[in-house]
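The values are calculated or read from the model by the stated rules, or taken from the named source; none is laboratory data. Please read these numbers as outputs of a predicted model, since none were measured by experiment. So basically every Cβ, Gly included, is an ideal-geometry build from the backbone, and we count neighbours across all protein chains shown.
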Amino acid sequence: MFSDLAEQLSIRERQGLKRHRAILDSKQSRYVDIDGCEYLSFGSNDYLGLSSHPALIQSACQGAQRYGVGAGASHLLYGHNIAHHELEHALARFTGFPRALLFSTGYMANTGVVTALVGRHDAIFADKLNHASLNDAAILSRAQLIRYPHLDLPALERHLKKTKARRKLVITDAVFSMDGDIAPVSNLVALCERYNAILLLDDAHGFGVLGEEGRGILFTENNLSVCGSKVLHSPNIVYMATLGKAAGVFGAFVAASSEVIETLIQTAKSYIYTTASPPLLSYVLLCSLALIERESWRREHLFRLINQLKQKLETSGLRLLPSNTPIQPVLVGGVQDVVRISEG
Ligand SMILES: *Cc1c(COP(=O)(O)O)cnc(C)c1O
């Protein structure tokens, strides 16, 4: 029955593409235990070290005491807890949008937003290096999908000019999850305003890390200074970020205008047809958000470490791609080389 699967797996193995999961026997931290050995970790997205912060662990225990361990139902039934509600308000305030909505994961947030905002008669314009969840979301929506070369805004503009689609949605990683480079957000906002398109910004790797007090890509100096606060307040922006990376916990949220958020509540299938995330996680995230906002030294330390890593890698002769974010691509050759090296 499954012989074809077995054959494909063995081909994958022969090509040196088979991946294995390292089994961690410790918290996510500076050092992690794998197979009884201790390693210095460069492989997590826990950028601020919050996932094992004692205050968050304590609030997880408190949250469990207060709300139990499971939400017990979806948000539109009786699974929407006051902890979810308070976190949504806090996230809206923190990111400067009228409203915010929690999703269980970033993957689900992206499929929910894209399928709720566009359909058959619409068009999506997507950067070629976008995260897989944005690509899948686009396919699921059945809108026409046009992928433009990485960061090629003139190409994007040509497509926007030409399209006859009813509704237009531009989707992009804010910090690209493979190369660590950053999308030119203020130019994208200007383009979207000119052509009446929605801009979905996936700031999975920027939230907590970039901008004033870790408020994300929209609060970086570049975006704040280019047009004053215009970028921030563009009604065309739908902002999405995850809570399992720098925020150290789990989940994701979308922040946008009231109309967009209400549309998501009413129609996004990955919001409606799934159990709400455990309220204790939202309870912990309120604490995490306060630390992100208050403890700027975590970001300062992170960027010192990024610079130190870049310098050391460069002086040891490795080739890096230009990136000023915690994602530091090291060029090592082909796909097989990458798998071989990462398998240690
Ligand atoms: C990690 C990531 C996601 C998915 O978020 P999860 O909460 O882990 O599902 C989405 N987009 C980008 C760019 C990511 O890096």
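Taking Ser258, is it out of contact with any Leu (no Cβ under 7 Å at 6 or more places or on another chain), closer than 13 Å to Glu88 by Cα and either touching a residue at least 24 places away in the same chain (Cβ under 8 Å) or not charged (D, E, K, R) (or both)? Against the criterion (out of contact with any Leu (no Cβ under 7 Å at 6 or more places or on another chain), closer than 13 Å to Glu88 by Cα and either touching a residue at least 24 places away in the same chain (Cβ under 8 Å) or not charged (D, E, K, R) (or both)), Ser258 qualifies. Restricting the range 154-175 to residues that are more than 21 Å from Thr115 (Cβ to Cβ) and either outside the structural domain of Arg215 (by TED's automatic domain parsing) or surrounded by 24 or more Cβ atoms within 10 Å (Cβ to Cβ) (or both) leaves a set whose member that is nearest to the ligand (Cβ to nearest atom) is Val175.
Yes/no matrix, rows are residues, columns are (1) surrounded by fewer than 18 Cβ atoms within 10 Å (Cβ to Cβ); (2) of a type in the set (D, E, K, R); (3) in the same structural domain as Thr111 (by TED's automatic domain parsing):
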{"residue": "Tyr273", "(1), (2), (3)": "yes, no, yes"}
{"residue": "Leu281", "(1), (2), (3)": "no, no, yes"}
{"residue": "Ser288", "(1), (2), (3)": "no, no, yes"}
{"residue": "Asn307", "(1), (2), (3)": "yes, no, no"}
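Scanning the range 206-221 finds no residues that are surrounded by 22 or more Cβ atoms within 10 Å (Cβ to Cβ), at pLDDT below 95, over 27 Å from His84 (Cβ atoms) and more than 16 Å from the ligand (Cβ to nearest atom). Restricted to the range 91-113, and to residues that are assigned to a helix (DSSP H, G or I) and within 12 Å of the ligand (Cβ to nearest atom), which residue is surrounded by the fewest Cβ atoms within 10 Å (Cβ to Cβ)? In this case the residue turns out to be Tyr107. Every condition in (1) within 12 Å of the ligand (Cβ to nearest atom); (2) under 20 Å from Tyr78 (Cβ atoms) holds for Lys245 except the one numbered (2).
Here the condition is being of a type outside the set (Val, Ile, Thr), part of a loop (DSSP other than H, G, I, E, B) and surrounded by 15 or more Cβ atoms within 10 Å (Cβ to Cβ); of Gly344, Gly333, Gly248, it holds for Gly248 alone.
For Phe303, the conditions (1) buried (at least 22 other Cβ atoms within 10 Å of the Cβ); (2) over 22 Å from Asn81 (Cα atoms) all hold with the exception of (1).
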